[in-house]
Amino acid sequence: MPRTPGPPSAARRRPDAGVRSVLTGAFRHSPARATAACLFSVLSAASAVALPAVLGHTLDLVLGVRPGLHGALALCAALLVAEVFLDALVALTGGVTTARSTAWLRRRGINHLMSLAPHRVVDRFTPGDLVTRLTGNAADAGTAPTTAATGLAALVTPVGSLIALALTDIWLAAVFLAGLPLLTRLLRVFARGSSDSVRRYQHAQADIATRLVEALGGARTIAAAGTAERERARVLAPLPELGAQGRQMWQVYGRAVVGSSILVPLLTTSVLAVGGLRLAYGGLSVGELLAASRYAALTAGLGGVMGQLNTLVRSRAAAHRIGELLALPAAAHGSRPLPADGCGRLELQGVTVVRGGAPALRGIDLVVPGGTIMAVVGHSGSGKSLLAAVAGRLTEPDSGQVLLDGVPLGEADPSQLRREIGYAFERPALFGATVGAAIGFGPYEPPAHAIEAAARAAGADSFVRLLPDGYRTPLAGSPLSGGEVQRLGLARAFAHAGRLLILDDATSSLDSVTELHVSRALMHDVRTGSRLLIAHRVSSAARADLVAWMENGRLRAVAPHDRLWADADYRAVFAHTDGSDSRTAA
Amino acid sequence: MTTPTARLQPRAMRFLRRRTRVVLLLAGWSLLESAHTFLSGYGVAKALDQGFLTGDTGVGLAWLAVSALAVVAGGLAGRGVFRGLADLVEPLRDSLIRQVVSRSLTQAVAHPARAADSAVVSRLTNQTEIARDSFAGLVLVARSFVFTAVGAVLGLLSLAPLLLLIVMPPLAAGLLLFLATLRPMAARQRAFLQADEDLSTQFGTVAEGLRDVVACGAQQPTAERAHGLIEDEARAARQLAGWAAVRCLALGLAGQLPILLLLVTAPWLLRQGLTAGVVLGALTYLTQSLLPALHTLMNALGSAGTRLLVVLARLTTGPAQDPEATATAEPTPTAPDTAPLVAATSLAPVSPLVPAAPVGPRVELRAVTFAYGPAAQPVLHDLDLTVEPGEHLVVVGPSGIGKSTLTALVAGLLEPAHGEIRVAGRPVRAGSGPSLPRILIPQQAYVFSGTLRENLSYLCPDGAPTSALQTSSDAVGLGQLVCRLGGLDAQLDPITLSQGERQLIALARAHLSPASLVLLDEATCHLDPAAEMRAERAFAERPGTLIVVAHRITSARRADRILVLDGARATCGTHDELLGRSALYRDLAGSWQPGTLERGAGLSAKSHPRGG
C-alpha cells in the first residue's frame, strides 16, 4: 500500500498551522503591494491627524492677520492633497492585493481539490459547503493581507487624534474620555429591545421557498390540471407574515442605528462647550477650538478599528475553513507506465476497504482476465459500488492492492491510468457547454465522429438528434431525463474507452430494449478490453462471461451465470430489482 | 446604467409614484436631520460670536445646548425614518417575491421538463434580500446626503451668502466627477458580479461531480477552466479598485477642496465683514457634515447601487410576466366544463356528442407530427391513433421515443406541428386552460405541504366526501399509508415520503377526480410490481378512457390494446396481435418473460431503424 500522509497527524500537530500557512501564503503572494498599501495608509492617516492642527493654526493666523500665513496655507494644501492622493493609492493597491490574494487562494483550492481522491472530499464536505469555501471563504480570507496592512493606519488615526486632542488642550481630552462611556451607556438603554423577528422572518422565507420548490417539482401535474393560479396563491400565502416580521426588523435595527448616530455629534458638542468656556477665559484660540472639535470626531472613529478587527477575525475563520480543505492529503501516485500490450487484466489482492469504522469490503481476491466481461451482483449494501470504485482507483484500499496488467494502481502513472480506465455511473454528472462537449469531456477531446459513434453505441444518438440543436444543444437548457443523462454518461465513457471499462449500474434507467442494444454495442462497437459491470438485472448477469457474487462485503462466488443460477440464494438477488429500487451507495 | 437602467426606470418611477405619501412622510422626518445639520454650524457660529468671544459664556452654552437638542431630536426622528423606510422597502421585496414566484411557476408550467431549477431558491431568498438591503441602504444614504446638504447649504446661506460662492464650485465639480464614474463603475461591478456567479456555478458543478471529474481523468482541463474564471473575476476586481481610486479623487475634490479654498479666501472674507464665528461655523459644516455625508454617499452609491441594479434587472426581466397581465392578453379560452363544443372552423361532423362521463371520451390523433425544435428531428411523425370511449390503452417503447410527448400532446401541454388531436370530438390546443375532463399524472408525483385531504381532493373542484376519499385510497392501495400518516387530516411533509408513496397519493388523487380521461405517464414506476398491478387494476375498473405509458412491460398485459412506439413507426393492437406483428414488441415481451433470455444473441432490437 502506498504511503500517504495521514490527515489525523497533520490535524493534531497544530490546529493553527493551516490558518497561518494560508494567511502568510496569501501575504507572500504580493508582498510589495501589501507593504505599499501599509505605507500609503499610514502616511494618509498621519496627514489626516496633522491636518486639524495645521488648519487651526492657519485659521488663527488668518484671524490674527499674522505673518507666516502663506507658509501655513501651503502646508494645508500639501496635507490635503497628500491625503486625497494617498487614499486613492490605498484604494488601488489594497483592492489589487485583495483581488490577487483571493485568486491565489482559489487556484490553490481548486488545484488541491483536483489532486484528492473524491471520496475523501465527499466524506468531509457537502458540495454546497465546498463551493462556499472556494468562493465566499476565499474572498474573506483574501482580504486579510490588505486589512492587516491597513490595520496600523486604522489605529493611527483615532489614537493620534486623541493624543493631538490632549496636546491641544488636556481638559478637552478629559471631557471626551469621560463622556464617551457615559453616553455609550445612555444610548444602549435607549436602543434596548430585541425580538426574534429575524428568526421568524427567515422561517417565513424558507416556507415560501419550500412551497415553490414543491410546486416546481409538480410542474407537469400543475400544467395538466391548469391550477397554476391556485399554486401561486398557495406559495405566496406566507408573504404577509414575511412583511410583518420584516417591518419589525427595521424597527429594531432603526433603534440601534439611531443610538449610534447621535453619539459622535453629542460628544463633539460637549467638547465644543468646554472648549468655548476655555476660549472665553483665554486658554484656547479659535483655531485650537476648530482642531479640538475635529479631533473629537476623528477619535470617535475608534469604532472603525473594531470593524477592521472584525474583518480580520472573519478572514482568519475563513482561512481556517480553506486550511481544512488544503489539509486533506493528496492521493499518492507513481510514474510506472502500464505495459503497452496489456489487454486490461484486473486483479484485486486481499482488498479491504473500511468505511465508517467497519470494513465494507473484506479481503477481496478477484481476477478479471483481460478482455472479458465480469458482472458484479449482490443485494443492496453488499459493497458492489465500492468494489467498482476501488477497481479503478476512485478509492484507495485500506489494505491489499489492485493491479492493472500487473502494475499496482498506486504506482502507475496517473494520467495514463485515467486514459486506460473508464467509468460510467448510475447518475453521472455532466460537464461541458453543449451535449457534444459533455460526451467529449475527459483528459482529451475526441473528434466529432468519435463522439457521435460513442453516442450511437450508448443509445444516445437517437435522442440527441431530437434536441433543438443536436450535439450543439446547450447542456444547461436541455430537458434531459434520468435515462438520457445516463446514456450520455455511457457515451462519455465509450468515447474515451481504454483497456478497462467500469460500469457502475450505468444502465439502470434504460428500458430493456435500449439496455440490450447498449450491451451489444459494448461487445462490438467500443474498443475491446475488460469490462466490470455492476448489475441489478438478471439479463446483464446472464450476458457476462463471469459473475462475481457479493455478499456483505465479501465475495461469495465467482462463476458463469448459468452455473450460479441453480442456487436459490443467487436467484433471490434478482427478486426485487426491477430497475427502480433505491440503493445506498457504499 | 445602460440598458438595464433604462428598462427599470419607468417601473421604478411607477413604484415611487404609487407611494408618494410614504416618500413625503420620509422627507418630513428627514427635515429634522436638516435642522440638526443647520444648527451644528449655525449654533457654533452664534455661540462664538455672541457668546464665548464676547465673554458672554451663558449665551454660548445656550446656543450649543440648542444644537445638542437638535441632535437628539434628529435622532428621535430616526424612528419615523425607519418606519417610512420599511413602508418603501417591504413592498419592494413583496413585489419581487411575487414576480419570482409567478415567473418561475409560469415557466415551469410552460416547460415542465425544465422545471427543476434550484437557482430559483437563490433568487427567492438571497437575491431578493440583496435587493431589499441595497435598496434600504441607498434610500437611507441618499436621503441622509440630500437633507444634510440642504441643512449645510441653508446654514452657509444664513451665515453669509458669499460662502456659497466659494464652497459650491468644487462641491459641484466633485459630485459631477463622481457621477461620471458611476456608469463605468457600474459596468465593472456588473462584470464582477457576473464573473463571481460564473465562478460559483463552475465550482458548484465541479463539487457535485467531483467523482466524475476524477473518473474521467479531466482534472487538468477542469482546473484550467476554473483558473480562467478565477482570473476573470480578479481582473474585474482590479478594475474596480482602479475606479475606487478615482472615486477617492472625486471625494477630495468635493469634500476637501472647499476647506482649502475657504482658508485661502478667509482674509478677503474677513475684510468683507465676516466674523471669526462665521468662518468657524462654515468650516464645521464642511468638515463635520458634508465630508462624512459625501464619503458615505460615494461608497454606497458605487457598490450598493450597482448591486441593486444588477439584482433588480435579473429578478424583474424575463420572458414571463405576471399571469394576471398575460391572462387578459390571451384570447379567452373556451369554457372547459360546459357541454362539448365543436370548433367553428372544423369540418368534423356536427353531431350532438354525448357528455364525456361516464364512458369517457374518444381520443383521436390525425397525422400528428411533433418536434422539440425547428432543427430537431420529429419525435412523432404522422401518427394516427384512435382510442375508443372507455378503452384502456397502454403505450410501450424504448425510453426517449416519444411516449411522454404523446401524453403531453393529448393533455394539451404541447401543440403538434402538423395534424390534429381531438378529445371527445373537440380539438385540443396547447394552453387552452384548465380542462377538467382529462388529467395527466406524470412520473414525478406532485405532493405539497398540506393535509392528505387537500392533496387528494386537489383535482376535485367541488371537494369530495370522506367516503369517496376512502374508496379511492383503498382502490389504489393507499389505505395503509393513510393509517400510518394518521388519517386524512394529517399534515404531510413531502420530503419524508418515498417516491412510491408520493406516486400512490397522486394515483389516489387521479382516481378520485371526476375526469373521464386519465393519462398515466409512468405514474407507477416507483411502485413494486404487485402495487403497480393493484393501482392499474383500480384505474381499469374506474369508468372512463385510460391511457397508460408503461414503465414495465407487464402493464401491457392488462390493456385492451397496446401502442408500440418505435421511432419511425407506431403499431397498435392486442397482445397476441402484436406478438405476431411487431418484432420490437416480441423483444420487449421476451425480455420480460424470464427464460427467453439468450446471452447477447438472438434478439433484434438493432434491426429497427431508429428515427432516421
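Give or take rounding to whole Å, what are the principal axis extents of the alpha carbon atoms in the protein assembly as shown, in descending order?
119, 81, 52
For segment A:546-553, in order, what is each residue's ³J(HN,Hα) by Karplus, 6.51 cos²θ - 1.76 cosθ + 1.60 with θ = phi - 60°, in whole Hz (x at glycine and Pro)?
Karplus values, whole Hz, x for Gly and Pro: 9, 10, 9, 9, 9, 8, 6, x.
Can you list the HN-Hα couplings for segment A:340-353, worked out from phi with the Karplus curve (6.51, -1.76, 1.60; θ = phi - 60°), rounded to whole Hz and with x for Gly and Pro?
Couplings: 5, 9, x, 10, x, 6, 10, 9, 10, 10, x, 7, 10, 10 Hz.
Please list, in chain and number order, the residues 5+ apart from A:ILE373 or on another chain whose amide H is under 5 Å from its amide H, with Hs placed from the backbone.
For A:ILE373, the qualifying residues are A:ARG531, A:ASP545, A:LEU546.
Which is farthest toward the positive dipole end of the protein assembly as shown among B:LEU154, A:ALA244, B:ILE166, measuring Cα position about the Cα centre, with Cβ charges +1 (Lys, Arg) and -1 (Asp, Glu)?
B:ILE166
Given H placed on each backbone N at 1.01 Å, which residues far from A:SER399 in sequence or on other chains put an amide H within less than 5 Å of it?
For A:SER399, whose amide H was placed from the backbone, the distant partners under 5 Å are A:THR352.
Would you work out which of B:GLN503, A:ALA375, A:ALA209 lies farthest towards the positive end of the dipole of the protein assembly as shown, given +1 charges on the beta-carbon of Lys and Arg and -1 on that of Asp and Glu, about the Cα centre?
After comparing all options, I get A:ALA209.
Going by how many other beta carbons lie within 10 Å of each one, how would you line up B:SER134, A:SER260, A:SER293, B:SER200, fewest first?
A:SER260, B:SER200, B:SER134, A:SER293
Among residues other than A:ALA148 whose Cβ falls under 14 Å from its Cβ, what is the net charge (Lys/Arg +1, Asp/Glu -1)?
Neighbourhood net charge equals +4.
If we count other beta carbons within 10 Å of each Cβ, what is the order of A:THR268, B:THR275, fewest first?
Least crowded to most crowded, the residues run B:THR275, A:THR268.
By counting other Cβ atoms within 10 Å of each Cβ, how are A:TYR444, B:TYR42, A:TYR423 ranked from fewest to most?
The most exposed by this proxy come first: A:TYR444, B:TYR42, A:TYR423.
Residues with beta-carbon under 13 Å from that of B:ALA367, excluding B:ALA367: net charge, scoring Lys, Arg +1 and Asp, Glu -1? Numbers along the way, then the final one.
Details: positive: B:ARG366, B:ARG422; negative: B:GLU364, B:ASP382, B:ASP384, B:GLU420.
With Lys, Arg at +1 and Asp, Glu at -1, the neighbours total -2.
To the nearest 500 deg cm²/dmol, what mean residue ellipticity at 222 nm is calculated for chain A from DSSP H runs of n ≥ 4 alone, each contributing -39,500 (n - 2.57), summed and divided by the residues?
-20000 deg cm²/dmol, from helical runs alone.
Which is the longest part of chain A that has none of the trypsin sites (Lys or Arg not before Pro) sitting in a DSSP loop with at most 14 other Cβ atoms within 10 Å? Kindly include the intermediate steps, with their values, before the conclusion.
Values: sites that count: A:ARG3, A:ARG192, A:ARG527.
Value returned for the longest uninterrupted segment is A:193-526.
Which whole-number percent is the relative contact order of chain A (Cα, under 8 Å, 6+ apart)?
16
Step through the residues of segment B:523-539 one at a time and calculate ³J(HN,Hα) from phi using the Karplus curve (6.51 cos²θ - 1.76 cosθ + 1.60, θ = phi - 60°), rounding each to whole Hz and writing x for Gly and Pro.
Couplings: 6, 10, 5, 9, 8, 6, x, 5, 5, 4, 4, 4, 5, 5, 5, 4, 6 Hz.
Residue farthest toward the positive end of the dipole of the protein assembly as shown, with Cβ of Lys/Arg at +1 and Asp/Glu at -1: which of A:LEU409, B:LEU456, B:SER473?
Ranked along the dipole, the leading option is A:LEU409.
Could you compute the net charge surrounding A:ARG314? Neighbours are other residues with a C-beta less than 15 Å from the C-beta of A:ARG314; K and R count +1, D and E count -1.
+2
In whole angstrom, how far apart do the alpha carbon centroids of segment B:156-206 and segment A:199-276 sit?
Value for the Cα centre distance between the two parts: 27 Å.
Every number here is computed from the coordinates shown, using simple stated rules; none is lab data. Computed from a prediction, not measured in an experiment: that's the story for all the values here. With ideal geometry, Cβ positions are generated from the backbone for all residues, glycine too; neighbour counts draw on all protein chains shown.
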